[in-house]
Structures are given as C-alpha cells and as structure tokens.
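Working notes, structure below.
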Amino acid sequence: MRGHIRKRSGPAGVSYQVIVPTTRDPISGRVRQVSATAHTKREAEELLSRMLSEVHGGQHGGPDVSMGELFERWYELASPDWSPKTALETRRYLNNYLIPHLGKVKVRKVTTASLDGLYTKLRKSGGRKGAPLSPSSVRRIHVAVRGALTQAKRWGWIVHNPAADASPGKLKAAEITPPDAAAVAKLIRAAGAEESEFGIFLRMAATTGARRAELCALRWSDIDMAKGSLVIRRAMVEHPGGGFLVKDTKTHASRRIAIDPVMVKALASHRVRMAARGLAAGTPLGKHAYVFSYALDCADPWRPDVVTRRFVRLRDRLGLEDVRLHDLRHFVATRMLADGVAVPTVSGCLGHASSATTLNVYAHFLAASDRDAA
C-alpha cells in the first residue's frame, strides 16, 4: 500500500498534501484514504513515511464512522438471523443504553478501558431513576458491543476488538425459590373463581411446566384427550416491529407432555364451553382454534404480556407479591426433582436444550435435596 504527495498552491503559499489509501469499504466498495498537510516537501516525506507505518499498524484501518452508525449497520445485517425476542431485546439495549452512551464516539476511539468504564457506570446507576442495572443486563449489553465490534473487525475498520478484553462483571446464578404447594393451590383456586379459563391456564402452568408463551400458543389440535397428553409445538413472541406472532419453540423442537386425569377433565369441560359459546354466535371452532382465546372462533390467542399483568393483579390481591408467573415452571421442576424424577425426563418436560441446562438452573436446589437425603 503506497501513498503520494500532492503539491498545492494557495493564498497562504505552497503546501504539500499527503494522501495514503487504507482499506476498501465493504459496503460501498470505495477505497478509503487518510490525508494530512505539511509546509515543506521534507516534512511531507517524513509525514508520508509515518502515516504509512500507522496504516500498516492498523491505526487508520477503517472509516471515520461513529459507534452509532456501526450499531445500526450491524443490527441490520445480523438481526434477520435472530429470534424475534432476541432482535427486540437487542434493539432496546441499543436504544436505551448503547447509542446514548457510545453513539457519537468514533469506532477507532473505543478502548477496553472506556468500555470497562461504561459497564461500571451502568452497574452503579444505569437502571431506572439511577438505580443499579442488573448484572444480566450489563452482560447482554456487552454481548451487543462485542458483536458489533467483531463485525467492524471483519470489515477492516479496526485491527483489534477492544470488547474482547473488557470486563462486564461476573454474572451470579440466581437462586431458585419456587412457591410452595399451598400458595400455588391458592392462586389456582382464586383464578378459577375469577374466570374458569384463567384458572385452567394457571393449573396447566403449575402441572406441565410449560412456558407462558407456549401455553398461549397451544391449540386444541395439540391435545390428545384419550391419551392424556399434549404437544408443545410453538410459542407466542413479541415482534420487533410491534404486535405478537406465533413461532416454533425456544429450542425449535416439539415435545410431548403427559397431563393428569383431573386436567384432562377440566380441559374437556373448557372445550365444551368454548364450542357452545361459538355456536351460540354462529361461529364454530376453527381447525386451528387456540385453547386460550377470547375470540368466538378461538382464532386469536391470548397475549403473554396480558396474561402476566392479570397474574400480577391476582397475586398482589392474595398477598403473594414474591411469586412470579414463571415461578410456576420452577415449581413443577423442583417438585419433580424432589420426587426423584430423572433429570433427562425433567429436562424433556421443560423443553430445555439439554440435561446440562436443567442441572445448571437447578444446581442449588439439587444440592439442598442432597443434604435432605443425607
């Protein structure tokens, strides 16, 4: 890679412009270049030599673009391959944290030290109203920064990825504290008294371990009343562009879950009520009718966020503020493990990618069970 010196004349006299090409922009295909001005030819020759050395050393490896532009280009390139949930979460981290803090900083000016400073600031006061931002959120922010800078390195904009050596802080595994059986039963009874359909939803969550989004996407065609089982094939997820959509499960694999006779009976009665409601309005249940729906033909499923808000109102009214809807899933897992159900079976029921995931999530509970056994 060679540069050149251009002699220029102007009102201020003669000057020498030093021009050195750097790399080719992967987006536009144009060759980038850096330039500087010297007052004498000798100074220009020395400047040319120094700039060539800097270019070969990677100091002028990319365009003079900001981190904000890099984030947008990286997101546009990478997000089509992500799940809708990942795309939505990453977009929120970009808008709420990364672009406000790093958006105007030039890509070449970002250092490991500056990233560590940002992570420290976020851990101390990056949350709402100056509260600390959770370690998991800081970790996800770091993943986004590292991904964007990795792409910048592939494009030849930087020689080294400063995020590779950054320290977002240790992520401590959250200790699982599932509700007891009495609290779960109280929630189910209260939900059933409020509306039978909501009571069935919570009972299914507390007996199958299925995720909230998976139960919302459950169809009547997924349930085999005769065999007492259901198949989890899909989930409801929030779309980055707004609204919700139905997609395959988190692990992209369906799974069959056995349901108890009481649950089968409750579902059968629920289906009769839904069918009668539709027929009364001249709208029979469709082929792809959802189990939980307020539409007369059950064509539109419940939204996960609406279910959560309803659950929060219920649990607060019952004085169970510490119980989350997702804790019903933990309740199922820990009860099965306590009863001696094999870890691979529990993993399959929960829809984990592997038994290792189950062991990691419930390691603390398994250790406690081991002490009880001793």
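Things worth noting here:
- Lys/Arg +1, Asp/Glu -1 at C-beta; the chain dipole; positive extreme among Gly10, Ile223, Thr345: Gly10
- Normalised contact order of the range 274-320, rounded percent, pairs of Cα under 8 Å and 6 or more residues apart: 24
- Net charge, His4 excluded, C-beta distance under 13 Å - Lys, Arg +1, Asp, Glu -1: +4
- Set of aspartates and glutamates near Lys124 by C-alpha distance (under 13 Å), chain-local residues within fewer than 8 positions excluded: Asp116
- With the whole protein complex present, Glu45 retains an accessible surface near 100 Å², based on a 1.4 Å probe.
- Proximity of backbone amide H atoms, modeled 1.01 Å from N, is registered between Gln33 and Thr22 at under 5 Å, excluding neighbours fewer than 5 places apart on the same chain.
- The range 63-168: C-alpha gyration tensor shape, a/c 1.5 cut-off, then a/b vs b/c: oblate
- Taking Cα centre as origin and charging only the Cβ of basic (Lys, Arg, +1) and acidic (Asp, Glu, -1) residues, the dipole magnitude of the range 259-374 rounds to 520 debye.
- Pairwise label distance in nanometres, Asp305 with Asn96, each label 7 Å out on the Cα-Cβ vector: 1.2
- Charge dipole (the chain, unit charges on Cβ, about Cα centre) - positive-most of Gly209, Gly286, Thr37: Thr37
- Cross-link reach list, lysines versus Lys186, counting only Cα pairs under 22 Å and skipping chain neighbours closer than eight places: Lys265
- The slack in the chain from Lys124 to Ala342, taken as 0.36 nm per residue of separation less the alpha-carbon distance, amounts to 74.3 nm.
- Rounded to the nearest 20, the Cβ-based charge dipole of the chain about its Cα centre (Lys and Arg +1, Asp and Glu -1) stands at 880 debye.
- Reciprocal of mean inverse Cα separation for the range 228-374 (Kirkwood radius, Å): 18.1
- Our summary gives the range 232-362 a relative contact order of 15 percent, counting only alpha carbon pairs under 8 angstrom and 6 or more residues apart.
- Taking the Cα centre of the range 256-311 as reference, the dipole from Cβ charges on Lys and Arg (+1) and Asp and Glu (-1) amounts to some 80 debye.
- The chain - percent relative contact order, Cα under 8 Å, separation 6 or more: 12
- Which label in [x] 1.15; [y] 0.96; [z] 1.00 gives the computed Rg/Rh (Cα atoms, Kirkwood Rh): [x]
- Taking all protein chains together, Thr40, Thr208, Thr177 sort by accessible area into Thr177, Thr40, Thr208, largest first [probe 1.4 Å].
- Note on Lys129: lysines with a C-alpha under 28 Å away, same-chain residues under 8 apart excluded, are Lys85, Lys104, Lys121, Lys170, Lys172.
- Note on Val231 and Asp64: with the Förster distance fixed at 51 Å, the Cβ-Cβ geometry gives a FRET efficiency of about 0.40.
- Ordering Ala275, Leu320, Val306 by the projection of their Cα atoms onto the charge dipole of the range 250-320, which places +1 on the Cβ of Lys and Arg and -1 on the Cβ of Asp and Glu, puts Leu320 at the extreme positive end.
- Order by protection proxy (mean Cβ within 10 Å, highest first), peptides 353-362, 98-107: 98-107, 353-362
- Stretch gain in nm, segment Arg317-Ala353, where the contour uses 0.36 nm per residue and the Cα spacing is subtracted: 9.4 nm
- Taking every Cα-Cα distance in the range 279-334 and sorting them into 10 Å bins from zero, the calculated P(r) comes out as 21, 33, 28, 17, 1 percent.
- The calculated FRET efficiency for Leu52 paired with Lys85, based on their beta-carbon distance and R0 = 45 Å, is about 0.40.
- FRET efficiency for the pair Glu195 and Ser114, taken as 1/(1 + (r/R0)^6) with r the Cβ-Cβ distance and R0 = 56 Å, rounds to 0.60.
The values are calculated or read from the model by the stated rules, or taken from the named source; none is laboratory data. What you see is a predicted model; the values in this text were computed from it and never measured. Using ideal geometry, Cβ is built from the backbone for each residue, glycine included, and neighbour counts are taken over all protein chains shown. Heads up: the accessible areas ignore ligands, DNA and RNA and are worked out on the full protein's heavy atoms, side chains in. Shrake-Rupley method; radii C 1.70, N 1.55, O 1.52, S 1.80 Å.
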